[in-house]
Amino acid sequence: MAAGLCPGRALLSRRGGALWALLGPARGLAAGPETHFGFQNVSEAERREKIYQVFENVAEKYDVMNDSMSLGIHRVWKDILVHKMNPSPGTLLVDVAGGTGDIAFRFLNYVRSVRERQLQQKLRHQQNLSWQEISKSYQEEKSNPLGDSQVVVCDINREMLKAGKQKAQHLGYSEGLSWVLGNAEELPFDDDKFDVYTIAFGIRNVTRIDLALQEAYRVLKPGGRFLCLEFSHVSNPLLSRLYDLYSFQVIPVLGEVIAGDWKSYQYLVESIRRFPPQEELKAMVEDAGFLRVDYQNLNSGIVAIHSGFKL
């Protein structure tokens, strides 16, 4: 469904200029090897360019399409992801393929709520203080509502980042939030930097998933957590048939009607069918070095949350 357009984008190989410096071949990547773009067989370079163009095309209508095609359910899935993360004040998060900021905003809201509860508990244990002392303590704590938490939204697509920044400004998010143009397969961050790495409806669009997982492992601190929310494989045969019917007969039509783009949403549903099933992705996460890897199916496996730790 529409949330699957969230970009976990590999780079676009365009000719010349500053774009090539960012979007040219990452470590060990060649233009030649064959892969797939939906049901088409293409080279890795062609796939990167096509996926970049998909998200460049849909950025403006991205959030509207997410709600329309998933009937708003993508919001519940993202809420579950953040509750599973359970971040505390001081957490440093990188949200890769973060696009329009859905995970980042939820993270900030969650941390702010935890911080507020901590403050209330602290004040209840300070009943022996004068009201002036309590007021001073309260004001000091309120001046740092996120407890030094930070979220970095990293995305390969300039148009998606632009849409995310505009959305953040409209909703009033600024503190604890930054935006970085970067490639999931070669992240522009130091080793051992983040407490949590999330990628929501993005890893399916990465050309070299193995490289993206290695990068996730590299940038996480020891003890850090990897969380991936992605479309997966439905376990119920009847639901699977209904889901296929909806995916192939309805979603591209909605894409044409709402966003004027049939092909991008046709790619969406095809890419879901080509994505590795739950157990296979679990093995790939383990191969990248993560331990205690598991996954949770949501809605009979329409989506799954994979989790692992750098230990």
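The values are calculated or read from the model by the stated rules, or taken from the named source; none is laboratory data. From a predicted model like this one, the values you see are computed outputs, not experimental measurements. Ideal geometry is used to build each Cβ from the backbone, glycine not excepted, and the neighbour counts take in all protein chains shown. We work out accessible area using only protein heavy atoms, side chains counted, and drop any ligands, DNA or RNA first. Shrake-Rupley method; radii C 1.70, N 1.55, O 1.52, S 1.80 Å.
State yes or no: is Gln127 outside any helix (DSSP H, G or I), modelled with pLDDT under 85 and surrounded by fewer than 13 Cβ atoms within 10 Å (Cβ to Cβ)? Lay out the reasoning, then the answer.
Details: outside any helix (DSSP H, G or I): yes; modelled with pLDDT under 85: yes; surrounded by fewer than 13 Cβ atoms within 10 Å (Cβ to Cβ): yes.
The answer is yes for Gln127.
Residue check: is Leu254 open to solvent by less than 50 Å² (accessible area, probe 1.4 Å), touching a helix residue (DSSP H, G or I) at 6+ places or on another chain (Cβ under 6 Å) and in a helix (DSSP H, G or I)? Lay out the reasoning, then the answer.
On the way: open to solvent by less than 50 Å² (accessible area, probe 1.4 Å): yes; touching a helix residue (DSSP H, G or I) at 6+ places or on another chain (Cβ under 6 Å): yes; in a helix (DSSP H, G or I): yes.
Yes, satisfied.
Residue check, Leu311 against (1) buried (at least 22 other Cβ atoms within 10 Å of the Cβ); (2) more than 21 Å from the chain's Cα centre (by Cα), all met but one. Which one?
(1)
Which pairs do you get when a residue that is in a helix (DSSP H, G or I), found in the range 161-179, comes within reach of a residue that is charged (D, E, K, R), reach meaning Cβ atoms under 7 angstrom, with the pair 6+ apart or on two chains?
Leu161/Asp155; Ala163/Glu60
What tally of residues in the range 205-250 results from selecting those that are assigned to a helix (DSSP H, G or I) and hydrophobic (A, V, I, L, M, F, W, C)?
Initial filter on the range 205-250 (assigned to a helix (DSSP H, G or I)): 205, 209-219, 237-249.
Then drop every residue that is not hydrophobic (A, V, I, L, M, F, W, C), which leaves 209, 211-213, 216, 219, 238-239, 242, 245, 248.
Residues flagged as assigned to a helix (DSSP H, G or I) and hydrophobic (A, V, I, L, M, F, W, C) within the range 205-250 amount to 11.
When both residues are 6+ apart or on different chains and their Cβ atoms are under 7 Å apart, which pairs have a first residue that lies in the range 144-158 and is part of a loop (DSSP other than H, G, I, E, B), and a second that is among the basic types (Lys, Arg) and open to solvent by 20 Å² or more (accessible area, probe 1.4 Å)?
Pro145/Arg112; Pro145/Arg115; Leu146/Arg112; Leu146/Arg115; Gly147/Arg115
Which condition breaks for Asp261 when tested against (1) surrounded by fewer than 20 Cβ atoms within 10 Å (Cβ to Cβ); (2) in contact with a strand residue (DSSP E or B) (Cβ under 8 Å, 6 or more places away or on another chain)?
(2)
With respect to Thr207, determine if the residue is in contact with a Ser or Thr (Cβ under 9 Å, 6 or more places away or on another chain) and among the β-branched types (Val, Ile, Thr).
Working: in contact with a Ser or Thr (Cβ under 9 Å, 6 or more places away or on another chain): yes; among the β-branched types (Val, Ile, Thr): yes.
In short, yes.
Given the criteria at positive phi, in contact (Cβ under 8 Å) with a residue 60 or more places away in the chain, out of contact with any strand residue (DSSP E or B) (no Cβ under 6 Å at 6 or more places or on another chain) and open to solvent by 50 Å² or more (accessible area, probe 1.4 Å), does Ser235 qualify? Talk me through it step by step, then tell me what you get.
Details: at positive phi: no; in contact (Cβ under 8 Å) with a residue 60 or more places away in the chain: yes; out of contact with any strand residue (DSSP E or B) (no Cβ under 6 Å at 6 or more places or on another chain): yes; open to solvent by 50 Å² or more (accessible area, probe 1.4 Å): yes.
No.
What pairs come out if I take residues in the range 241-270 that are closer than 18 Å to Val303 by Cβ and pair them with residues that are open to solvent by 50 Å² or more (accessible area, probe 1.4 Å) whose C-beta lies under 6 Å away, six or more apart or interchain?
Correct list of pairs: Val269/Phe248; Glu270/Phe39.
Sort through Val285, Val269, Val293 and tell me the only one that's in contact with a Pro (Cβ under 9 Å, 6 or more places away or on another chain) and either farther than 20 Å from Phe55 by Cβ or open to solvent by less than 60 Å² (accessible area, probe 1.4 Å) (or both).
Val269
Scan the range 65-108 residue by residue and report those that are among the charged types (D, E, K, R) and within 21 Å of Gly182 (Cα to Cα).
Of all residues in the range 65-108, those among the charged types (D, E, K, R) come to 67, 75, 78-79, 84, 95, 102, 106.
Within the range 65-108, Asp95, Asp102 meet the criteria.
State all residues of the range 89-119 that are surrounded by fewer than 14 Cβ atoms within 10 Å (Cβ to Cβ) and either at pLDDT below 80 or under 20 Å from Ile305 (Cβ atoms) (or both); if no residue qualifies, say none.
Hit for the range 89-119 is Asn109, nothing else.
Any residue that is on the phi > 0 side of the Ramachandran plot and either modelled with pLDDT under 95 or touching a strand residue (DSSP E or B) at 6+ places or on another chain (Cβ under 6 Å) (or both) - is there at least one of those in the range 160-174? Before the answer, list the steps.
Of the range 160-174, the ones on the phi > 0 side of the Ramachandran plot are 172.
Filter again for either modelled with pLDDT under 95 or touching a strand residue (DSSP E or B) at 6+ places or on another chain (Cβ under 6 Å) (or both), leaving none.
No, the range 160-174 contains no residue that is on the phi > 0 side of the Ramachandran plot and either modelled with pLDDT under 95 or touching a strand residue (DSSP E or B) at 6+ places or on another chain (Cβ under 6 Å) (or both).
For the list (1) closer than 24 Å to Val196 by Cβ; (2) surrounded by fewer than 20 Cβ atoms within 10 Å (Cβ to Cβ); (3) modelled with pLDDT under 85, I need the number of the one condition that Tyr62 fails.
Condition not satisfied by Tyr62: (2).
Within the range 65-88, take every residue that is in contact with a helix residue (DSSP H, G or I) (Cβ under 9 Å, 6 or more places away or on another chain) and not in a helix (DSSP H, G or I) and give me the one that is most open to solvent (accessible area, probe 1.4 Å).
Among residues in the range 65-88 that are in contact with a helix residue (DSSP H, G or I) (Cβ under 9 Å, 6 or more places away or on another chain) and not in a helix (DSSP H, G or I), the one most open to solvent (accessible area, probe 1.4 Å) is Asn86.
Hey, could you check the range 211-231 for residues that are open to solvent by 10 Å² or more (accessible area, probe 1.4 Å), in contact with a Leu (Cβ under 9 Å, 6 or more places away or on another chain) and touching a residue at least 60 places away in the same chain (Cβ under 8 Å) and say which is farthest from Arg292 (Cα to Cα)? Reasoning before the result, please.
So the first thing to find is which residues in the range 211-231 are open to solvent by 10 Å² or more (accessible area, probe 1.4 Å), and the list is 211, 214, 217-218, 221-223, 225.
Filter again for in contact with a Leu (Cβ under 9 Å, 6 or more places away or on another chain), leaving 211, 218, 221-223.
Subset that is touching a residue at least 60 places away in the same chain (Cβ under 8 Å): 211, 221-223.
On the way: Leu211: 20, Lys221: 16, Pro222: 14, Gly223: 11 Å.
Restricting to residues being open to solvent by 10 Å² or more (accessible area, probe 1.4 Å), in contact with a Leu (Cβ under 9 Å, 6 or more places away or on another chain) and touching a residue at least 60 places away in the same chain (Cβ under 8 Å), the top hit is Leu211.
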